[in-house]
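To start, the structure itself, in structure tokens.
Derivation of every value follows stated rules applied to the coordinates shown; laboratory data play no part. Keep in mind the model is a prediction, meaning the values are calculated, not measured. Cβ atoms come from the backbone with ideal geometry, glycine included; neighbour counts cover every protein chain shown.
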């Protein structure tokens, strides 16, 4: 689901990265792929805490700009841009917030339109949650967290 959303805006985002931040096409493309991985990992980590209501509020745009998970994802993304792609820290510091807010706004749009619901997020992010639920609750929920 997240991959589909990102793939649908990848052309626009890579174009923005090239024009606004002077990245070459390969850097721009790899930056978007890195953002997808960073966002997926960050949302899975947040889901691991069991706070799906908080994730939904964040994705509805209620707290996306100030939510600690978004801030953490942005910092991780900035570090990865510099370490993995060799983008100077000063440029990565500008790219990180731009890309994360861009992607969060696209994901928020899907949540607010009803195209993506809590069950969609649970299935996307649910890897490993079954084992974290107390007393076999994961099994009792019909394998929803598989």
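Things to note:
- FRET E, pair residue 115, residue 18, Förster distance 30 Å, beta-carbon r, rounded to 0.05: 0.60
- Rounded, prolate or oblate (a/c below 1.5 giving rounded, otherwise prolate when a/b exceeds b/c) for the range 23-111 by Cα gyration tensor: prolate
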